1. Output the residues belonging to region 93-104 that are in contact (Cβ under 8 Å) with a residue 12 or more places away in the chain and out of contact with any helix residue (DSSP H, G or I) (no Cβ under 6 Å at 6 or more places or on another chain).
2. Of all residues in region 149-178 being farther than 22 Å from residue 207 by Cβ and touching a strand residue (DSSP E or B) at 6+ places or on another chain (Cβ under 9 Å), which is surrounded by the most Cβ atoms within 10 Å (Cβ to Cβ)?
3. Would you check if there is a residue in region 304-312 being in contact with a helix residue (DSSP H, G or I) (Cβ under 6 Å, 6 or more places away or on another chain) and surrounded by 20 or more Cβ atoms within 10 Å (Cβ to Cβ)?
4. Within region 119-148, which residues are touching a strand residue (DSSP E or B) at 6+ places or on another chain (Cβ under 9 Å), in contact (Cβ under 8 Å) with a residue 40 or more places away in the chain and over 24 Å from residue 92 (Cα atoms)?
5. Considering only residues that are farther than 12 Å from residue 244 by Cα and in a loop (DSSP other than H, G, I, E, B), which ones fall in region 275-291?
6. Has region 292-315 got at least one residue that is in contact (Cβ under 8 Å) with a residue 12 or more places away in the chain, outside any helix (DSSP H, G or I) and within 23 Å of residue 35 (Cα to Cα)?
7. Output the number of residues of region 328-348 satisfying the condition of being more than 16 Å from residue 223 (Cβ to Cβ) and crowded, with 17+ Cβ neighbours inside 10 Å.
8. Going by the conditions given, is residue 265 surrounded by fewer than 22 Cβ atoms within 10 Å (Cβ to Cβ) and either more than 30 Å from residue 153 (Cα to Cα) or in contact (Cβ under 8 Å) with a residue 24 or more places away in the chain (or both)?
């Protein structure tokens, strides 16, 4: 066995295929913005731009430094989705042809100084009550009502299509757009919105987590394979306790594989007993508390399992959502919490 290490293998062929599948839900004239904030949700920002540039129409990020990195690697539109707050930042936007969101009237005086040189997205608060100008404040932005600019909002409950807040937000947005008599383009939908409300796709959709396979649909695959090796095997009698706190006791003679990975690598410390993993193409379960560097898994029913065999914690064959549903987590959190000490590999870039 080579020196063991946790590995993160990211297959951009799967990311591109996910994008193509998502696009099947969209009108042909809708632009697809790939959201690659937070280091492309843990999938590496620079590599993401190289790998998906031919299948997206633009990029969405949060931080200015992210936008500048992307601009070095593409000529496609880039949106700073939370806007900027200083003249120095606006100068960088102008110099690098980066679009900006305005979500507050406090940003208006400075933005007006640059409105002839930049494309702006005006963000409405239609009911999420996080970022966005009030519904009664849109008239203050009349000088931005130009066809190159975009009116946008963000859905709070797009992953719950029956939630009444979705209808409220759609109505608030469309009423505001109509009352403004504006030629601005429109953008409402995020990943879940595209999948549940494609009739509201309009001019731009902003898709993040779905690109990486973090939404529960059969045609989307987890593009991130997180795996590590078994470095020890314990053969235990019945009534033996396992791991810190001894929270689990064997009910019968068992074989336990000790996997060289823990919460310091990015696996959730709160993972419950019974969380599914994959060993030698066999589904099995975590048993005992996750520690900083080790995970215990039950290999009693896996024939010929040996030291050096790989344990997949999530992958295209074992969706990351199996972990999140069991442990009351979200895929966003797991993808963006991967430790720097985990070895990275990239396929089909």
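1. First, pick out the residues of region 93-104 that are in contact (Cβ under 8 Å) with a residue 12 or more places away in the chain: 93-94, 96-104.
If the condition is that a residue be in contact (Cβ under 8 Å) with a residue 12 or more places away in the chain and out of contact with any helix residue (DSSP H, G or I) (no Cβ under 6 Å at 6 or more places or on another chain), then 93, 94, 97, 99, 101, 103, 104 are the ones that fit.
2. If we take residues in region 149-178 being farther than 22 Å from residue 207 by Cβ and touching a strand residue (DSSP E or B) at 6+ places or on another chain (Cβ under 9 Å), then 176 is surrounded by the most Cβ atoms within 10 Å (Cβ to Cβ).
3. Within region 304-312, the first condition is being in contact with a helix residue (DSSP H, G or I) (Cβ under 6 Å, 6 or more places away or on another chain), and the residues that meet it are none.
No: region 304-312 contains no residue that is in contact with a helix residue (DSSP H, G or I) (Cβ under 6 Å, 6 or more places away or on another chain) and surrounded by 20 or more Cβ atoms within 10 Å (Cβ to Cβ).
4. 124, 135, 138
5. Step one: of region 275-291, the residues farther than 12 Å from residue 244 by Cα are 275-286.
275, 280, 281 - these are the residues of region 275-291 that are farther than 12 Å from residue 244 by Cα and in a loop (DSSP other than H, G, I, E, B).
6. Scanning region 292-315, I find at least one residue that is in contact (Cβ under 8 Å) with a residue 12 or more places away in the chain, outside any helix (DSSP H, G or I) and within 23 Å of residue 35 (Cα to Cα), so the answer is yes.
7. The number of residues fulfilling the criteria is 1.
8. no
The values are calculated or read from the model by the stated rules, or taken from the named source; none is laboratory data. Here the structure is a predicted model, which means the values were calculated and not measured. Cβ: placed from backbone, ideal geometry, glycine included. Neighbour counts: every protein chain shown.
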